[in-house]
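Undergrad: One structure follows; several queries about it will come next.
The values are calculated or read from the model by the stated rules, or taken from the named source; none is laboratory data. If you're wondering where the values come from, they're calculated on a predicted model, not measured in any experiment. Ideal geometry is used to build each Cβ from the backbone, glycine not excepted, and the neighbour counts take in all protein chains shown. These area figures cover heavy atoms from the full protein model, side chains too; ligands, DNA and RNA do not enter into them. Shrake-Rupley method; radii C 1.70, N 1.55, O 1.52, S 1.80 Å.
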Amino acid sequence: MADPSTPAHHRVARNTASMVTGRLIVTAVGLVTLPLVYQRLGDEEFGVWVLLTAAVAVLAIFDLGLGSAMVREVARAGVDPVPGRLRAVLGLGIGWAVCLAVLALAALAASWPWIDKLLQLGETADEARRAMLWMLLGLFFGGVELPWRAVLEGNQRHGLVAWIGAGVALVAGVLTVVLLRMGVGLVGLAVVTAVTGGLRTALTVAAARRYGPTYAPRLRDVRRQDLHVVSGYGLRVQATSAAGVVNTELDRFLLGGFFDPATAGHFDLGTRLLNLLRLPPGFALIAMFPTAVAGAARAGTAWLDDFYLRTTRRLAVFLAPCTAAVVVSADPLVRLWIGQPVPWAAANLAVLAPAYALNLALGAATVVTRAEGRPGRETRYILLSIVLNAVLTVPLLWLYGPIGVSAATSLAIATASAYYLWHFHRATRRPVTPVMRILVTAAAVGTVAAAVTSVAAGHLPDGAGRMDAAWAVCCRTGVVLLVSAAVLVVFRLAGPVAGTGRPRHPDHDIDARAGAADTIDARAGVRSADEVSSS
């Protein structure tokens, strides 16, 4: 259990710092190893690897929301325990891990010829099938780990979870480099996935037995009411998680099916690089969530309104020039990372960046929503995003080729984010004008900076090598920052944001108090904050 003598805000700060550090280590490992994987495998095999990992990612989301449900039950066990429920819910986690692995194996055996033809695996089909078997073993280990990880997270041992993840990532990075230099391909990478998954599970179980020795899964204790608890809470979380993952992985399968695995791999490189560039604002949102929960409980709605506007403004001021720099520097950024031109990766990066910037700029609204104890407001916009993506993808793909897939995703994210902004303000009765003023001004800053830098790019240094690419990125980013600063001065965006001026509504005080009471979830909570960063 967490030490009760440690103040809550100290625990949250410590957990956040550990999670950020652990994520940085994992990110650094991926940043170093991925170019090597791409160069050693080649276009075709790398594309197949991308499709296999996407398939496993889709399978992994079918946890019935048990991950969040188990964390919630562990966190509540010390406050309002229900006899036998905790062990039963943890037991359900273990039972579903076994069922999911068996179902996935059966589905793979039955549908592999169809998968081979659909994804155009060609000569790599046999190797891909063997790699997939190893990856399913890793999926099983991940399912077994989930209940024990919930014990740690529910007891506010997020830092320990983060350090285990970082250590295993380092081991995986070393093994990947060694095996690639030995000439292994897809199967070798899959073996690394399975072995490190088993190692992470073993470490997590050992830590959970130490810090939560009374918590152990017990499937025979499951009762009907326990299933209702999981279905009532977990399936809502499952819907949100599923929508996010499908939005991420759908493009890869479509590109692999309509074109070839190499095209899917190229686009994946652009998406991964964009995810790396999204980390700084994502970490900021992680840190802001506990602050919003505590501030809402302490100072009420007026403080939360001010926090919302200040945070949106700061995010917008940061994201506008950063997005412009990414768009105009997409090609040299990819060359700097991979070491060679990958045109589809650069195009994907440039098309997706503005939509993801808008989504991140609205992260403050997501933080406020969860601080007020109303996370369900996010579900509609996430589902709208996935529906729009599915509807737009095929027409735009036929019209514009591979880049149409990225355009569909970008339009879906931007439209759903705009809907969420409208829905959030309508539901909370906050005036939308101050936020729209911030966003429109930021969009103008980014657009002007990108346009001016694009015109000037032909006169700036560039070249084929990594150093040339680095110099090109620095020069283009410098021009973007100078132009952005000039436009910001003109718009006076750096000045203080006016208050909301909205009438006080009693429901918001109820929401704020609900946010404080919901700190069982929120303090168990850096996990929830981490979900904010990926919304």
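Undergrad: Once phi is turned into ³J(HN,Hα) by the Karplus curve 6.51 cos²θ - 1.76 cosθ + 1.60 with θ = phi - 60°, what whole-Hz value does each residue of region 315-325 show in order, with x for glycine and proline?
TA: Calculated HN-Hα couplings, in order: 4, 5, 5, 6, 6, 4, x, 4, 5, 4, 5 Hz.
Undergrad: Something else: Would you mind working out the magnitude of the charge dipole of region 315-418 relative to its Cα centre, with +1 at each Lys and Arg C-beta and -1 at each Asp and Glu C-beta, to the nearest 20 Debye?
TA: Charge dipole of region 315-418: 180 debye, to the nearest 20.
Undergrad: Using a simple spin-label model with points 7 Å from Cα along the Cα→Cβ vector, what separation in nm is obtained for ASN275 and ALA125?
TA: Here the modelled spin labels are 2.9 nm apart.
Undergrad: Cα centroid distance between region 406-439 and region 182-208, in Å?
TA: Spelled out, the Cα-based centre of one part sits 41 Å from the other.
Undergrad: Oh, and also: Work out from phi, with θ = phi - 60° and the Karplus expression 6.51 cos²θ - 1.76 cosθ + 1.60, the ³J(HN,Hα) of each residue of region 109-123, listed in order in whole Hz, and give x for Gly and Pro.
TA: 5, 6, 10, 4, x, 5, 5, 4, 6, 5, 8, 6, 6, x, 5
Undergrad: Let me ask you something else. Among VAL455, VAL58, VAL151, what's the order by accessible area (1.4 angstrom probe), most exposed first?
TA: From most exposed to least exposed: VAL455, VAL58, VAL151.
Undergrad: Additional query: State, to one decimal in nm, how far the label point of ARG310 lies from the label point of ASP43, with both points 7 Å from Cα in the Cβ direction.
TA: 5.2
Undergrad: On the full set of protein chains, 1.4 Å probe, figure out the accessible area of MET288 and give it in Å² to the nearest 10.
TA: My reading of the accessible area for MET288 is about 50 Å².
Undergrad: I've got another one for you. Distance in nm between label sites at MET436 and MET467, each 7 Å beyond Cα in the beta-carbon direction?
TA: That separation, rounded to one decimal, is 5.2 nm.
Undergrad: Pulled fully out, how much extra length does the chain show between GLN340 and THR21, if you take 0.36 nm times their separation in residues and subtract their Cα-Cα distance?
TA: So the chain would gain 111.9 nm between GLN340 and THR21.
Undergrad: VAL387 to LYS117: FRET efficiency via 1/(1 + (r/R0)^6), r the Cβ-Cβ distance, R0 35 Å, to the nearest 0.05?
TA: For VAL387 and LYS117, the calculated efficiency is 0.80.
Undergrad: Would you kindly find the accessible area of VAL32, with a 1.4 Å probe and non-protein molecules such as ligands, DNA and RNA excluded, rounding to the nearest 10 Å²?
TA: 100
Undergrad: Something else now. By how many nm would the segment from VAL489 to LEU399 grow when fully extended, if each residue of separation counts as 0.36 nm and the alpha-carbon distance is taken off?
TA: The span from VAL489 to LEU399 would gain 28.3 nm if fully extended.
Undergrad: Applying a 10 Å radius around every beta-carbon, put 179-186, 317-324 in order of their mean neighbour count, most first.
TA: Sorting 179-186, 317-324 by mean packing, highest first, produces 317-324, 179-186.
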